[in-house]
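Visitor: What follows is a single structure, and I will ask about it in a moment.
The values are calculated or read from the model by the stated rules, or taken from the named source; none is laboratory data. From a predicted model like this one, the values you see are computed outputs, not experimental measurements. Neighbour counts run over all protein chains shown; Cβ positions are idealised from the backbone, glycine included. What goes into the accessible areas is simple: the full protein's heavy atoms, side chains included, and nothing from ligands, DNA or RNA. Shrake-Rupley method; radii C 1.70, N 1.55, O 1.52, S 1.80 Å.
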Amino acid sequence: NGKPNVLFVEDELRSVFGSGIRVICTITDPYVVHHGALGGFVVVHLEEPSRADAICRHCMTLPGVAEALPREIAATKLELPADRLGDLVVLSTRDWVLGRTAEHHDLDMLGGVLRSHGSRYEEMVPLILSEPLPQSLQEHAWSDLRSFDLFPLLCPAS
């Protein structure tokens, strides 16, 4: 029907678990023409962290959710600093995006096209280099590179 597949995580969780839940989208810039501050990764902050396991299990039943991870597991699995994450991390499936609340996102600003950022499906980055890499970086370059691997490849220590 031309409408994007959006899961408003905070709306969904509050409808089941009540208040005390706040979702933070990592994509929050005001340039909404292509992503409407929606993305493939959100963090969930809970006033009662003891509810994290139940909320995590519920998230895994929702359409569009590929992974719902408690903070420590998310930090390890996604190689992120735990002190900068919420109580949970939720990642979308390939064809869905995540948002905070329906009221928080103005989908009329999309202009017909929605592009997502932040899910597992954006980790792989194709690289085309115009000159040979130093020998010390060649083996690393043939592995499954992710976006943060760009820095040592493009700015190697001398």
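Visitor: Scan region 3-20 and report the pairs whose first residue is among the aromatic types (Phe, Trp, Tyr) and whose second residue is open to solvent by 30 Å² or more (accessible area, probe 1.4 Å), with Cβ atoms within less than 7 Å and a gap of 6+ or a chain change.
Guide: Cβ pairs passing all conditions: Phe8/Arg100; Phe8/Ala102; Phe17/Arg51.
Visitor: Looking at this structure, is His117 open to solvent by less than 70 Å² (accessible area, probe 1.4 Å) and modelled with pLDDT under 70? I'd like the intermediate steps shown before the answer.
Guide: Values: open to solvent by less than 70 Å² (accessible area, probe 1.4 Å): yes; modelled with pLDDT under 70: yes.
So His117 fits the description; yes.
Visitor: Criterion first (closer than 30 Å to Ser15 by Cβ, in contact with a helix residue (DSSP H, G or I) (Cβ under 8 Å, 6 or more places away or on another chain), at pLDDT 85 or above and open to solvent by 50 Å² or more (accessible area, probe 1.4 Å)) does Arg94 satisfy it?
Guide: Numbers: closer than 30 Å to Ser15 by Cβ: yes; in contact with a helix residue (DSSP H, G or I) (Cβ under 8 Å, 6 or more places away or on another chain): yes; at pLDDT 85 or above: yes; open to solvent by 50 Å² or more (accessible area, probe 1.4 Å): yes.
Considered against the rule, which asks whether it is closer than 30 Å to Ser15 by Cβ, in contact with a helix residue (DSSP H, G or I) (Cβ under 8 Å, 6 or more places away or on another chain), at pLDDT 85 or above and open to solvent by 50 Å² or more (accessible area, probe 1.4 Å), Arg94 comes out as yes.
Visitor: For region 63-78: of the residues being open to solvent by 20 Å² or more (accessible area, probe 1.4 Å) and in contact (Cβ under 8 Å) with a residue 12 or more places away in the chain, which is nearest to Arg14 (Cα to Cα)?
Guide: The extreme case among them is Pro63.
Visitor: Still on this structure, please answer the following. Failed condition for Met60, given (1) hydrophobic (A, V, I, L, M, F, W, C); (2) at pLDDT below 95; (3) open to solvent by 40 Å² or more (accessible area, probe 1.4 Å), with all others met?
Guide: (2)
Visitor: If you don't mind, another one. What number of residues within region 1-55 are crowded, with 20+ Cβ neighbours inside 10 Å, modelled with pLDDT under 85 and closer than 19 Å to Ala82 by Cα?
Guide: Going through region 1-55 one residue at a time, the tally reaches 1.
Visitor: So, of the residues in region 70-85 that are part of a loop (DSSP other than H, G, I, E, B) and more than 11 Å from Phe41 (Cβ to Cβ), which turns out to be modelled with the highest pLDDT?
Guide: To start, the set of residues in region 70-85 that are part of a loop (DSSP other than H, G, I, E, B) comprises 79-81, 85.
Within this subset, residues satisfying the condition of being more than 11 Å from Phe41 (Cβ to Cβ) are 79, 81.
Values: Glu79: 87, Pro81: 94.
Checked region 70-85; the qualifying residue modelled with the highest pLDDT is Pro81.
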